Amino acid sequence: MAGAFEHPFAVYLRAAMIPHIWCSGCGNGVILNAFIHALDELRMDLDKFVVVSGIGCIGRTAGYTNVDSFHTTHGRAIPFATGVKLAKPELEVVVISGDGDLFAIGGNHFIHAARRNIGIKVICANNFNYGMTGGQVGPTTPLEALTTTTPYGNVEHPFNLVHLATASGATYVARWTTLHVRMLTMSIKKLLQRKGFSFIEVVSPCPEIYGRRNNMRTGLEMMEWFRKASVIANFSDPAKAEITPEKIVVGEFVDIEKPTYEQLLYGKIAKIVKKE
Amino acid sequence: MGGDKAVLTGVHFMSGDIACAEGAIAAGCRFFAGYPITPATEIAEHMAARMPEVGGIYIQMEDEIASIAAVIGASYAGLKAMTATSGPGFSLMQENIGLAVMTEAPCVIVDVMRGGPSTGQPTLPGQQDVMQVKWGSHGDYEIIALAPSSVQEMFDFTVEAFNLAETYRVPTFVMADEIVAHMWERVVIPPPENIRIVNRKKPSVSRDDYMPFMPDDDLVPPMACFGEGYRFHATGLTHDERGYPRTQDSEVQTRLVQRLCDKIRKNADKIVRVEEVMLDDADVVVVAYGIVARSALSAVRRAREQGVKAGLLRLITLWPFPGKHVAKAAEKAKAIIVPEMNCGQIVREVERAAKTTPAYHVPKLGENPHTPMEIFAAIRRHG
Amino acid sequence: MVANFLRAPMNEKKVLKLKAEIHILKDQCKGCGFCIHYCPKKVLEESDEINARGVHPPRVVDEKNCILCSFCTAVCPDFAIFVRGKQCMDGC
Ligand SMILES: Cc1ncc(C[n+]2csc(CCOP(=O)(O)OP(=O)(O)O)c2C)c(N)n1
Ligand code: SF4
Ligand code: SF4
Ligand code: SF4
Ligand SMILES: [Mg+2]
């Protein structure tokens, strides 16, 4: 395939790993596309760029992007990225991972990285379930949704990732769906230009596993759901950024500045080294 | 970075935990991530104070899983990195120790052993993690583990652990115990020029030709780090020499996993260290390590005074296991005594190596290590 | 300088217009239909052809209608379609 690959973004991808493993109509490809689009528009220094992901379908993203990249264990992308960022603060470190990876097994790391305001950027592909393992319930699965482990309908209340990120202290918080590719790309550009802990939730179709069980057999049907349910409400109260099968509030919700962990830490180190 | 503040050349009186931290700094460690736990906490506390002085990073993470993950990240970003913990935290780290093995991330992990299982006896010594360090993460792999017996060795072996980690691109462990960690002793820190420092091999090829997991003849691949322009990929999945996942390919899996084991096994003669005391004519050989080896040495001396031909084989490297040394000592011996602060762990390896010479385990749980008298009694019993 | 504000009326014939050039990497397409469905000008449709992945890749109905919005490029999960604007004199 590598030879036939003439897309203008091909240089950003590892040709030998394309085509990617994702199913037809999977939103992960849209997110990767938007991410690369943002990189392309910003003309970032790709030698100073690291993509980290955890385990899951979306976790394969690190391998596809042709920059320094690392595919960690399930849930541990954020602490790994924390180590990278602190060791070499000049690197732009982006975590791209799934709802299960970042908010179930890795949830504790997310809230602490946001609290510390480590200058890493996190993009979550929220497909409402564990795609990789065949569609089990996850921390964002809506009430009553059908998954392989909620065959009678989900009785767990889901996380609202916008609330969670905001409450934990993230300095930039946005939510888009894969249908909003333009806004998503714009938002990723913003995310990449910010200093502090920044977060974008991308509501993303998993037609193969989640959609199929919930009356949306194709990516297109899931995108149509997003089209009908989503309401853009930029800088509205993040506490009201609801996400249910009926209504998906999208937009940018938080955009604030505060000193990052590495600024504070390196500032202290500079003072202490000088004093010696 | 760090300058002369990094090596505190001179004669000191310090605890094992502090000596360990100083050894790390002298070895060039500039990243420490950890989570407080008795009896390893003082390593973190000392690092928190010392790291900024040498321009290094100290971060207290939210747990031990995060600590080891951050250490691997810092290692890939080019720093020498370390974490320190004890049993419960060590258990939490196991999955990502496997990640460090698989992605060949040089790093040092200190496990100050206390009594287990579970929360066990936080303030008492143990040697109950010496099998866990070898087998604790899933899959087949090899690591390097050192067992210090004194505060001086907490310094020396931590330096050595960094050198081994950097040489072989493998997580390397300092398996201390509560006593060597909390005990205060005299420590001599040599001048920097007398401390041997090894840094990881860097690639000598261009970005287009670089394959992050293509080994040299010593089976160790040169290591590029993030931000150096190589734009490489690393994954915990089975991967080929390019670092690309190959999860369905038995040949790639065999080649990779075999190499990860062989880079330690085939270099074992260079890695393994033991201390041999009066072994030449020994009828009874005591095999011991860590703090217990000090009681064992007294016991062996006492036995000699009383005409019993006893000798000591002290294991400095627990892993790779010094099987050849045990086998050699066993050839002439009638019995091997293995005192350990556990219910019988390293003794299994000793038995394997000793073949027909019987090995007698002397367990000790829940208090201080074996007294010399207890080991002496065992020598007498079996000698 | 007032002269700068004086402009001659545009001569449409002489202006370089952008002509759409739609590239479809057929064998890379997984047939999700996003590009077809969300093209604002209905420039694309499903073809009858079956590609290397066993799906029907899109085909261009009428390139002239394309307004170069590049939504298809952006929404394609498989990097299988992209558009380029080619500058050309009218009638090229
Ligand atoms: C420690 C551990 N537990 C479980 C798994 C199995 N596992 C792999 S991916 C995954 C869930 C991934 O879900 P998510 O992060 O939402 O990603 P998606 O596949 O939906 O993109 C699980 C449970 C694992 N790899 N490691
Ligand atoms: S299982 Fe779902 S998330 Fe995974 S690749 Fe397929 S559609 Fe995408
Ligand atoms: S660029 Fe816009 S108008 Fe042209 S084919 Fe693509 S989506 Fe349709
Ligand atoms: S969006 Fe891409 S993959 Fe989907 S039908 Fe169009 S070209 Fe094919
Ligand atoms: Mg998911």
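If you take the square roots of the eigenvalues of the alpha-carbon gyration tensor of the stretch B:26-109 and sort them as a ≥ b ≥ c, do you get rounded (a/c under 1.5), prolate (a/b over b/c) or oblate? List each step's numbers first, then the result.
On the way: a/c = 2.02, a/b = 1.11, b/c = 1.83.
Judged from the Cα gyration tensor, the stretch B:26-109 comes out oblate (a/c at least 1.5, b/c at or above a/b).
Select from the stretch B:233-247 all residues whose loss of accessible area on going from the chain by itself to the full protein assembly reaches 50 Å² or more (probe 1.4 Å).
B:233, B:244
Among rounded, prolate and oblate, which fits the stretch B:203-263 when a ≥ b ≥ c are the square roots of the eigenvalues of its C-alpha gyration tensor, a/c under 1.5 means rounded, and a/b larger than b/c means prolate? It would help to have the intermediate numbers written out before the result.
Working: a/c = 2.32, a/b = 1.44, b/c = 1.61.
Here the stretch B:203-263 falls in the oblate category.
Report, please, the projected area of chain A averaged over directions, based on the convex hull of its C-alpha atoms, in nm².
On the way: hull surface 58.4 nm².
Answer in nm², one decimal: 14.6.
Summarise the partner chain shielding of B:48-60 as one whole number: the mean count of Cβ atoms from other chains within 10 Å of each residue's Cβ. Could you put the intermediate results ahead of the total?
On the way: counts 0, 1, 0, 3, 10, 5, 4, 5, 2, 8, 3, 8, 0.
Per residue, the number of nearby Cβ atoms from other chains is 4 on average.
Taking only Cα atoms, what is the 0 to 90° angle, nearest 10, from helix A:261-275's long axis to the longest principal axis of chain A?
10
Just to check I understand the Karplus step: with θ = phi - 60° and J = 6.51 cos²θ - 1.76 cosθ + 1.60, what whole-Hz values come out for the stretch B:8-18, glycine and proline as x?
The phi angles translate into 8, 3, x, 9, 10, 10, 9, 7, x, 4, 5 Hz.
Work through the residues other than residue A:141 whose Cβ is under 14 Å from its Cβ and net out their charges, Lys, Arg +1 and Asp, Glu -1.
Values: positive: A:213; negative: A:99, A:144, A:156.
After counting each charged neighbour, the total is -2.
Relative to the longest principal axis of chain B, what angle (0 to 90°, nearest 10) does the C-alpha long axis of helix B:41-50 take?
So the inclination is approximately 50 degrees.
Net charge within 11 Å of residue C:37 by Cβ-Cβ distance, Lys/Arg positive one each and Asp/Glu negative one each, not counting residue C:37 itself? Intermediate values should be presented prior to the final figure.
Details: positive: A:227, C:42; negative: A:221, A:224, C:45, C:46.
Net local charge, residue C:37 excluded: -2.
Between residue B:217 and residue B:193, what is the FRET efficiency for a Förster distance of 41 Å, r being their Cβ-Cβ separation, to the nearest 0.05? Write down the numbers at each step before the final one.
Numbers: r = 30 Å, r/R0 = 0.72.
Approximately 0.85, to the nearest 0.05.
Taking the simple approach of a point 7 Å from Cα along Cα-to-Cβ for both residue C:41 and residue B:355, what is their distance in nm?
8.5
Taking R0 as 25 Å, what FRET efficiency do you get between residue B:377 and residue B:334 from their Cβ-Cβ distance, rounded to the nearest 0.05? Let's see the in-between values first.
Working: r = 17 Å, r/R0 = 0.66.
After rounding, the FRET efficiency stands at 0.90.
Based only on Cα atoms, what Rg/Rh ratio does the stretch B:276-382 have, Rh being taken as Kirkwood's radius? All intermediate terms of the calculation are to be shown ahead of the outcome.
Working: Rg = 12.1 Å, Rh = 13.2 Å.
When Rh is taken as the Kirkwood radius, the ratio is 0.92.
What order, most packed first, do the peptides A:227-237, A:21-31 have when packing is the mean number of other Cβ atoms within 10 Å of each residue?
Highest-to-lowest ranking by the protection proxy: A:21-31, A:227-237.
Is the shape of the protein assembly as shown best called rounded, prolate or oblate, per the rule: a/c under 1.5 gives rounded, else a/b larger than b/c gives prolate, else oblate, with a ≥ b ≥ c the square roots of the Cα gyration tensor eigenvalues? List each step's numbers first, then the result.
Values: a/c = 2.36, a/b = 2.19, b/c = 1.08.
Note, shape of the protein assembly as shown comes out prolate.
For every other residue with a beta carbon closer than 13 angstrom to the beta carbon of residue B:90, add +1 if it is Lys or Arg and -1 if Asp or Glu, then tell me the sum. Don't jump to the answer; show the numbers that get you there.
On the way: positive: B:114, B:134; negative: B:63, B:64, B:95, B:111, B:129, B:177.
In short, -4.
Return the lysines within reach of residue B:364: Cα separation strictly under 29 angstrom, same-chain partners fewer than 8 residues apart disregarded; answer none if there are no such residues.
Counting by Cα, and skipping residues close in sequence, residue B:364 has these lysines nearby: B:134, B:309, B:324, B:328, B:332, B:334, B:355.
How well do other chains shield peptide B:219-232, expressed as the mean number of their Cβ atoms within 10 Å of each residue Cβ? If you can, show how the numbers build up before the last one.
Details: counts 0, 0, 0, 0, 0, 1, 4, 14, 12, 4, 5, 2, 10, 6.
Across B:219-232, the average partner-chain Cβ count within 10 Å equals 4.
About the Cα centre of the stretch B:276-382, how large is the charge dipole given +1 on each Lys and Arg Cβ and -1 on each Asp and Glu Cβ? Please answer in debye to the nearest 20.
Working: 16 positive and 11 negative charges, 25 e Å.
Here the size comes out at about 120 debye.
Other chains' Cβ within 10 Å of A:58-69 residues: what's the mean?
Whole-number average of other-chain Cβ neighbours for A:58-69 is 4.
If you find the alpha carbon centre of the stretch B:111-134 and of the stretch B:174-196, how far apart are they in angstrom?
After rounding, the separation between the Cα centres reads 20 Å.
Under 5 Å between amide H atoms, partner at least 5 residues away or on a different chain: which partners does residue A:147 have, H built in plane at 1.01 Å?
When sequence neighbours closer than 5 places are left aside, the close amide H contacts are A:153.
Before rounding to the nearest 500, sum -39500 (n - 2.57) across all DSSP H runs of length at least 4 in chain B and divide by the residue total; then give [θ] at 222 nm in deg cm²/dmol. Write out the running numbers ahead of the final one.
Working: 13 runs with 142 residues, N = 383.
Mean residue ellipticity, 222 nm, calculated: -11000 deg cm²/dmol.
How much length is gained on full extension from residue B:4 to residue B:298, taking 0.36 nm per residue of separation minus their Cα-Cα distance?
Numbers: separation 294, 0.36 × 294 = 105.84 nm, distance 3.87 nm.
Taking residue B:4 through residue B:298 to full extension adds about 102.0 nm, to one decimal.
Applying a 10 Å radius around every beta-carbon, put B:360-370, A:105-115, B:144-154 in order of their mean neighbour count, most first.
Final packing ranking: B:144-154, A:105-115, B:360-370.
GNM on chain B, C-alpha springs below 10 Å: top fluctuator among B:347, B:11, B:187?
Maximum among the listed residues: B:11.
Just A:178, A:61, A:218 to compare: in a GNM of chain A, with alpha carbon springs under 10 Å, which one fluctuates most?
Of A:178, A:61, A:218, the Gaussian network model singles out A:218 as fluctuating most.
Under a plain spin-label model, where a point goes 7 Å from the Cα along Cα-to-Cβ, how far apart in nm are residue B:123 and residue A:270?
The two pseudo-label positions are separated by 4.4 nm.
Please check: in the Gaussian network model of chain B (C-alpha springs, under 10 Å), which one of B:273, B:294, B:242 has the largest mean-square fluctuation.
For chain B, modelled as a Gaussian network with Cα springs under 10 Å, the answer is B:242.
So how far, in whole Å, is the C-alpha centre of the stretch C:35-82 from the one of the stretch B:316-344?
Here the answer is 70 Å between Cα centres.
Can you give me the angle between helix B:151-168 and the longest principal axis of chain B, using Cα atoms only, in degrees from 0 to 90, rounded to the nearest 10?
Tilt relative to chain B: about 40 degrees.
The values are calculated or read from the model by the stated rules, or taken from the named source; none is laboratory data. Bear in mind the structure is a predicted one, so any value in this text is a computation, not a measurement. Quick reminder, even Gly has a Cβ in these numbers, built from the backbone with ideal geometry, and neighbours come from all protein chains shown. Remember, those area values only see protein heavy atoms, side chains included, never the ligands or the DNA or RNA. Shrake-Rupley method; radii C 1.70, N 1.55, O 1.52, S 1.80 Å.
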